[in-house]
1. When you scan the range 126-135, do you find a residue that is part of a strand (DSSP E or B), touching a helix residue (DSSP H, G or I) at 6+ places or on another chain (Cβ under 8 Å) and touching a residue at least 40 places away in the same chain (Cβ under 8 Å), even just one?
2. Scan T198, T191 and give me the residue that is among the hydroxyl-bearing types (S, T, Y) and out of contact with any Asp or Glu (no Cβ under 9 Å at 6 or more places or on another chain).
3. Take the range 452-493 and flag every residue that is closer than 12 Å to L430 by Cα and among the acidic types (D, E).
4. Exactly one of (1) among the aliphatic types (A, V, I, L, M); (2) open to solvent by 20 Å² or more (accessible area, probe 1.4 Å); (3) modelled with pLDDT of 90 or more; (4) touching a strand residue (DSSP E or B) at 6+ places or on another chain (Cβ under 9 Å) is unmet by I473. Its number?
5. So in the range 145-162, with the set limited to residues that are part of a strand (DSSP E or B) and polar (S, T, N, Q), which one is least open to solvent (accessible area, probe 1.4 Å)?
6. Just to be sure before I move on: is W134 of a type in the set (F, W, Y), at pLDDT 90 or above and under 21 Å from I221 (Cβ atoms) in the structure I sent?
7. Of the residues E124, E75, E97, E83, which single one is touching a Ser or Thr at 6+ places or on another chain (Cβ under 9 Å) and loosely packed, with under 14 Cβ neighbours inside 10 Å?
8. Considering only the range 77-114, state which residues are within 15 Å of S152 (Cα to Cα) and free of Cβ contacts under 8 Å to residues at least 12 places away in the same chain.
Amino acid sequence: MPKLQSLLSFKDHPQNIRKRLLRDIIIVVVITFTCLLALSIYQARTVREKVSKTIISDASALVKKRFIRFVDPIENYLAVISEWAKNGTIIQRNDQELTKLLIPLLSPYTHITGLLIAHNNGGEFFLQRYDGGWRSRRLYPGDGRRIAIWHSWNRNGQPFNTWQKKTDYQSANRPWYKEALNNKPGKISWTEPYTFFTTQEIGVTAATHWQEEDDPDSRHIIAIDLLENDLLEFLNNLLAGKDGHIIVIEKDGSIITYNQMKPGKVDQRPAPLQAALKIWQSHKGKEVSALKFISSGQVWWAGFSKLGQGEPSSWVGIIIPQSKITENVVQKWRQTGMIGLGVLILAIFLAFRLVKKYSYQLKDLPTQHIGSNNFTNELMALINAGESTTLEFKSTLRTNLKTGKKGMEIEIAWLKTITAFMNSDGGILLVGVEDDGNILGIQVDHFENEDKLRLYCKSLINNHIGPEFIRFITLKIKLVKEKQIVVVECERVRKPVFLSIGKNEEFFVRSGPSSMKITMSQMVKYLEERR
């Protein structure tokens, strides 16, 4: 019913051509901008994914490269010293010979704080960086409380102090000893952070072991200590800021250390770090350049790389929030968005200026409506200008002034005008105005009220022109000089509009100040030229 009712109702508020032109220009600009914006957002999301993958992959490779430089000397020293030990180069030497051999080797790498050479019979040699120099501790085989022999050494490996001290220390109880023996011979393992026995400082230890060929039960363990503070300082320097994480882990997923770990405090691993570890372990601990996941309501990226060749002893992972990775990209997108918004505002402003600039030319376009704000003045200006291609006067809607009676010829006359306007360039029909411009009014038509008048006009248009064309017609009833007139405003219609008179359909167009009937062949040619 609402749709049918709209077909049977006149338009209440027609728009003039300037407003429609401005509206259409703005719509085109906004639609174009919206399409470009939607395309940009789609491409931006795709680009963000690619950028994130590339950056996390590159960052992971860079962190791996730098970390390898940090840990390679340690693992290389372990491998070299292990070979010396197997060949008897170390095992058979006394403390002074060992220090002269090891101090020059370890001194350049300042992160190494200590080296241990132990045997599963309880014997051990421990060399420690101390107070700008070195000191060593020797424990001979045995269990329980023993005597530890200490020496202080200068940089040249010369002793300058010796003392003895009883101790309950046992190598077999230390984390590095257990880690090494639980691993395959020759493989290097790293401990999680723990408290060193001698200095009570927190650190990590890399260790390996081997078996003597002639005595499988005889095992030697070599270990190198690193202070956790040194390792954390190095990790924090690799990744600026506090938004991301760098983690060093064993193959089984146990954490050696990570950059935001608090020395000496209970380890409270951040949620993104735990989530990344679970995802990595679900990939069976394989090398992955870029993993995307969500943690704490935020998108994160992670990359895991093995340290060393072959079967690695440890891995390094980098975990960064996507917002941090694409921070610069997002900033550029915002800048682009602001520029785009500025362009849209400028385009709308230029549309206003363009319509205003050519408004004097738009005045020459066919007049299709009279403004409500200054209706009387505009109406009088039209009447004074006289009838034209887009303006016609009719004295009445249904009454023949000569006979004083209702006549169908009067009705058909103004319906012809409406049809001709719609088939041409639109126009205005003023009913109640004589040909010379004299305002007569429509009192002679004797309508009971305005509703009856409107219903009468709608009925005629529906019957003779068609209800589908009602939407192109605006009917106004106005009081001018105390006389009631009818203003019928007609828009141009693109498809042909016929006037039904009896069983015939006729086609009318405007020709100067009158409506002209044309033949079917003329109509076809006219419509082709009008497209």
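1. no
2. T198
3. Once the filter is applied, which keeps residues that are closer than 12 Å to L430 by Cα and among the acidic types (D, E), the range 452-493 yields only E489.
4. The failed condition is (2).
5. S152
6. When the stated conditions are applied, W134 passes them.
7. E83
8. N94, E97
The values are calculated or read from the model by the stated rules, or taken from the named source; none is laboratory data. Everything quoted here is computed from the prediction, not taken from an experiment. All Cβ positions, glycine included, derive from the backbone under ideal geometry; neighbour counts span all protein chains shown. When the accessible area is computed, the model is the full protein with side chains, heavy atoms only, and any ligands, DNA or RNA have been set aside. Shrake-Rupley method; radii C 1.70, N 1.55, O 1.52, S 1.80 Å.
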